[in-house]
Amino acid sequence: MAVYAVIQYIIAAVAGLLLGYQMLLSFFALKGKIIKNFKNFKSIKYRRFSIVIPAHNEEKVLSKTIYSLFSLLYPKTLFDVIVVADNCSDNTAKIARQLGATVFERTNEKKQGKGYALRWAFDKILSDSQRPDAIIVFDADSLVSGNYLNVMNYYLEKGNRVVQSGDLVLPDSGAWSSETIRIGFLLYNYVKPLGRKVLGLDMGLRGNGMCFSTEVLEKNPWQAWSLTEDVEFGLMLLLRKVKIKFAPEAIVWAQMPANSKNAESQRKRWEIGKFPVIRKFTPKLLSAFFRTGSPRYLDACIDLVTPPLVNTLLLVVMMGGLNTILWYAGWVSQVFVWIWTGILLMGILHLFVGLYAAGADRRIYRSILYIPIYVIWKIKVYAKAMITVSDGKWVRTKRELEL
């Protein structure tokens, strides 16, 4: 049992470190919640923005996104909405034009994917003599807070060059898959970044709601082509010492599939597609940390390798249960039961303190009851992912409107 004990201590140390750090970020987010409530967004200059929406066959959901953007509380002459109709075979381009958006149509069968679409669109925008001061990227199935451009303008005026807003999920009462994902988004895309903001650390990119000054994109052209291209490009910028600021006052809400079958491809793309980025950037981030001593790199490395919360909690519950059984049988010390109970408590505190710091509504708290169902569903998703291989192409997520 000595070998078992050593292995268990190692696993417990890793799980405790990851959950403990997330718990601390939730507590720091409490202070961030107070700070952001007293901010005004008056600026000396109104900057010009280009809003880019990469879209691959999004005719069913694009309209509400464009309506939301044209309703922003910002001078209408100072922003344009650009839909990148990438390898589309539907009416995405036609609908976008009818609603007043500028349309870039792109066809390239060899280079398919959001990363390629963004690079192509950025190059076109930056080559224009009337180029904007900044470019913002939204997904095609999003709603945006009315103050969005005012907030981005304010952060740019304060000297920030890359800004990431809160990236959350639209509520969908009764849809256990969507509602559980909403908890994950709130903790990962809002609470933990808010805690990092208080600590003076960087925010990573989240894909939806990214704002880049044109200066940054000129010096650092988009070069991320993986399935998690947003995470990849954010780490590239970090290693090039480009800071990414979190703006919790601006929010973009994305629509998640209510049907669990429709959510499978999206979940596999997010989680399985992250592994190549982990392999590529973990050594670079650790090297940068040991070379400079900057906590920015260590924080980014921890964030990159940290599994989704439900994955870690599942491991902790299983280890706690196993050791409880072994302790009753007299095979292990009760110490292990207490260790795993303590680690589980850190995860629970991260969850509930984080939800409170984010001002979560009652519906989200009720959605916690869906977590066991969600865990079983994720296990099935991982099992399927082990026997399928992605070719890296842009595989869009099916929505319920298309059924």
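The values are calculated or read from the model by the stated rules, or taken from the named source; none is laboratory data. Not measured: the values here are computed from a predicted model. Methodologically, a virtual Cβ is constructed for each residue, glycine included, from the backbone with ideal geometry; neighbour enumeration extends over all protein chains shown. For accessibility, only protein heavy atoms count, side chains too; no ligands or nucleic acids. Shrake-Rupley method; radii C 1.70, N 1.55, O 1.52, S 1.80 Å.
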Report the label-to-label distance for PHE70 and ILE10 in nanometres (one decimal), using points 7 Å from each Cα along the Cα→Cβ vector.
-> 6.0
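Per 0.36 nm of contour for each residue apart, how much would the distance between ILE278 and THR341 grow if the chain were fully extended, relative to their Cα-Cα spacing?
Values: separation 63, 0.36 × 63 = 22.68 nm, distance 2.90 nm.
This chain segment gains 19.8 nm when fully extended.
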FRET efficiency, ILE373 to THR107 (Cβ-Cβ, R0 25 Å, nearest 0.05) | 0.05
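Using 0.36 nm per residue of separation minus the Cα-Cα distance, give me the extension gain between LEU170 and LYS243 in nm, one decimal. Mind dumping the intermediate values first?
Numbers: separation 73, 0.36 × 73 = 26.28 nm, distance 2.83 nm.
Length difference between fully extended and current span is 23.4 nm.
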Just read off the accessible area of SER89 with the full protein assembly in place, 1.4 Å probe, to the nearest 10 Å².
-> 100
Integer Hz, Karplus 6.51/-1.76/1.60 couplings in order for segment 74-84, x for Gly and Pro | 7, x, 5, 7, 9, 8, 10, 9, 10, 9, 8
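Which pairs break 23 Å Cα to Cα here: LYS124/LYS280; LYS111/LYS384; LYS31/LYS245; LYS219/LYS241; LYS64/LYS94?
Exceeds cut-off: LYS124/LYS280; LYS111/LYS384.
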Spelling it out for ALA250: with amide H atoms placed in the peptide plane at 1.01 Å from N, the residues 5 or more places away or on another chain with amide H under 5 Å from its amide H are GLY166
Comparing ALA140, ALA360, ALA55 in a Gaussian network model of the chain (Cα, 10 Å), the one with the largest mean-square fluctuation is ALA360
In whole percent, the fraction of accessible protein surface over the chain that belongs to carbon or sulfur atoms, probe radius 1.4 Å, stands at 61
Whole-Hz ³J(HN,Hα) from phi, Karplus 6.51 cos²θ - 1.76 cosθ + 1.60, for segment 2-9, glycine and proline x = 5, 5, 4, 5, 4, 4, 5, 4
Using modelled amide H (1.01 Å from N, peptide plane; none on Pro or chain starts), what sits under 5 Å from the amide H of ASP90, excluding residues fewer than 5 places away?
-> ASN57
Mind ranking 74-84, 274-284 by how tightly packed they are, going by the mean number of other C-beta atoms within 10 angstrom, highest first?
-> 74-84, 274-284
What list of ³J(HN,Hα) values in whole Hz, one per residue of segment 18-28 in order, does the Karplus curve 6.51 cos²θ - 1.76 cosθ + 1.60 (θ = phi - 60°) give from phi, with Gly and Pro shown as x?
-> 5, 6, x, 5, 5, 5, 4, 4, 5, 5, 5
Checking segment 77-161 for GluC sites (Glu not before Pro) in a loop per DSSP with at most 12 other beta-carbon atoms within 10 Å yields GLU109
What is the set of long-range amide H partners of MET210 at a cut-off below 5 Å, with H atoms built 1.01 Å from backbone N?
-> VAL137
Pick out, from PHE27, ILE379, ALA12, the residue whose Cα sits farthest towards the positive end of the charge dipole of the chain, with +1 on the Cβ of Lys and Arg and -1 on the Cβ of Asp and Glu.
-> PHE27
